[in-house]
Amino acid sequence: MQEASADGDSVVAYQQLDKRDSLNARVVASIYVDPAAGVSQLPQMMRLRDQFAGNRIRATSAKIFADGVIEAHTSALLEPYLDTHDRGPANLPPARFDSLAIALDKAGFQIHVHAIGDRAVRMALDAIEAAQRANGAHDARDHIAHLEMIDTLDLPRFKSLGVYANFQPLWAFRDSYIRELTEPVLGPERSSRLYPLGDVDAAGGTIVAGSDWGVSSLNPLEAIEVGVTRCDPAATVACVPWLPKERISLEKMIAAYTIVGARLAFDEKLTGSITVGKAADLIVLDRDLFAIPPEQISKARVLLTLLNGHDIFRDASLR
């Protein structure tokens with residue numbers, strides 16, 4: 001699990017569970033970075049990281065919010081919103097973003113960025129590139145989350161910079177937010193490029209997936225279905241896929257929630273696949289996802305969850 005915006009109290013809670021051997025997940029906490037405070041908060045972040053290194057909890061990542069959301073016009077766009085004719089605010093100017101990324105990278109933090117708009121995504125990529133130039137390229141596994149809009153010119157940079165594209169696939173269908181709040185302020189051309197999982201995949205980028213819980217459902221099966229179908233998993237009638245070229249395969253969606261997620265956490269030698277010698281972190285489903293219509297993926301039920309070979313959850317029907 002990636003804790004997307006941790007403070008001291010939340011890391012303490014994870015550590016207390018870990019010390020009692022009650023933490024039933026492997027957690028990488030991304031420490032919240034105040035855009036206004038910049039590099040001045042780095043010593044405190046380093047103390048948190050060093051203090052809260054545990055068995056199943058690590059506070060080794062840093063979370064930067066580059067912008068807000070399109071619906072509130074707080075997302076940073078390359079071209080203006082159609083109704084307000086401004087480009088939306090970025091939470092920090094490019095030069096400060098670059099210097100912050102350079103400092104975090106030099107201190108050994110994994111950089112984790114919230115970026116919704118295409119300008120915010122470009123700023124994040126620019127900042128990570130600046131860190132690589134300043135500190136030398138290394139196996140940082142930085143990632144940018146949400147990625148509602150990515151300019152076409154920036155698609156190849158995920159591969160070239162080694163930045164993981166951290167999508168929330170559950171959002172990638174044409175719901176009321178898209179119809180009523182997003183498409184009218186972006187127009188047809190930009191709206192045709194929303195949540196571009198297929199484009200990132202075609203450009204060779206590495207896709208990892210998350211939930212953004214508690215904003216949306218924690219259930220990855222629902223999100224996997226949307227990534228494969230681009231349809232509402234709760235739909236009761238046949239769906240026409242939204243932006244069908246942005247669909248990706250079931251194999252890649254499952255990987256995004258398993259082995260790629262483990263690589264993002266630097267845990268791929270321990271977990272992420274069912275392999276001899278790794279921890280027995282696995283689930284058992286009530287059906288084979290590859291043997292059913294994709295629109296039924298979200299109906300699958302978890303019968304068993306194991307962490308390091310120990311039961312975390314067992315359905316009463318499983319003997």
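Could you grab me the full set of residues in segment 88-105 that are surrounded by 17 or more Cβ atoms within 10 Å (Cβ to Cβ) and over 22 Å from the mean Cα position of the chain (by Cα)?
Scanning segment 88-105 gives GLY88, SER99, ALA103.
Conditions first: (1) more than 21 Å from GLU222 (Cα to Cα); (2) buried (at least 18 other Cβ atoms within 10 Å of the Cβ). PRO196 passes all but one, so which condition is the exception?
That leaves (1) as the condition not met.
Using beta carbons and a limit of 8 Å, which pairs, at least six apart or on different chains, have the first residue in segment 184-196 and of a type in the set (Gly, Ala, Ser) and the second one surrounded by fewer than 19 Cβ atoms within 10 Å (Cβ to Cβ)?
Matching pairs, first to second residue: GLY187/LEU82; SER191/GLU183.
Name the single residue, out of those in segment 222-247 being outside any loop (DSSP other than H, G, I, E, B) and in contact with a Gly (Cβ under 9 Å, 6 or more places away or on another chain), that is farthest from LEU155 (Cα to Cα).
Of everything passing the filter in segment 222-247, ALA223 is farthest from LEU155 (Cα to Cα).
Return the residue satisfying two criteria in turn: it lies in segment 43-67 and is in a loop (DSSP other than H, G, I, E, B) and open to solvent by 20 Å² or more (accessible area, probe 1.4 Å), and of such residues it is modelled with the highest pLDDT.
ARG56
Find the residue count for segment 251-279, including only residues that are assigned to a loop (DSSP other than H, G, I, E, B) and either touching a helix residue (DSSP H, G or I) at 6+ places or on another chain (Cβ under 9 Å) or open to solvent by 40 Å² or more (accessible area, probe 1.4 Å) (or both). Steps first, please.
To start, the set of residues in segment 251-279 that are assigned to a loop (DSSP other than H, G, I, E, B) comprises 258, 265-279.
Then keep just the ones that are either touching a helix residue (DSSP H, G or I) at 6+ places or on another chain (Cβ under 9 Å) or open to solvent by 40 Å² or more (accessible area, probe 1.4 Å) (or both); that gives 258, 266-278.
So the count comes out to 14.
Identify the residue in segment 17-31 that is part of a strand (DSSP E or B) and touching a helix residue (DSSP H, G or I) at 6+ places or on another chain (Cβ under 9 Å) and, among all such residues, is nearest to ASN55 (Cα to Cα). Steps first, please.
Going through segment 17-31, the residues part of a strand (DSSP E or B) turn out to be 27-31.
Going one step further and asking which of them are touching a helix residue (DSSP H, G or I) at 6+ places or on another chain (Cβ under 9 Å), we end up with 27-29, 31.
On the way: VAL27: 9, VAL28: 11, ALA29: 13, ILE31: 18 Å.
The extreme case among them is VAL27.
Quickly run through segment 147-164 and pick out the residues that are in contact with a helix residue (DSSP H, G or I) (Cβ under 7 Å, 6 or more places away or on another chain) and either assigned to a helix (DSSP H, G or I) or over 26 Å from ALA235 (Cβ atoms) (or both).
ILE150, ASP151, ASP154, LEU155, ARG157, PHE158, LEU161, VAL163, TYR164
The values are calculated or read from the model by the stated rules, or taken from the named source; none is laboratory data. These numbers come from a predicted model, not from an experiment. Neighbour counts run over all protein chains shown; Cβ positions are idealised from the backbone, glycine included. Just so you know, the surface numbers come from the protein's heavy atoms only, side chains and all, with ligands and any DNA or RNA stripped out. Shrake-Rupley method; radii C 1.70, N 1.55, O 1.52, S 1.80 Å.
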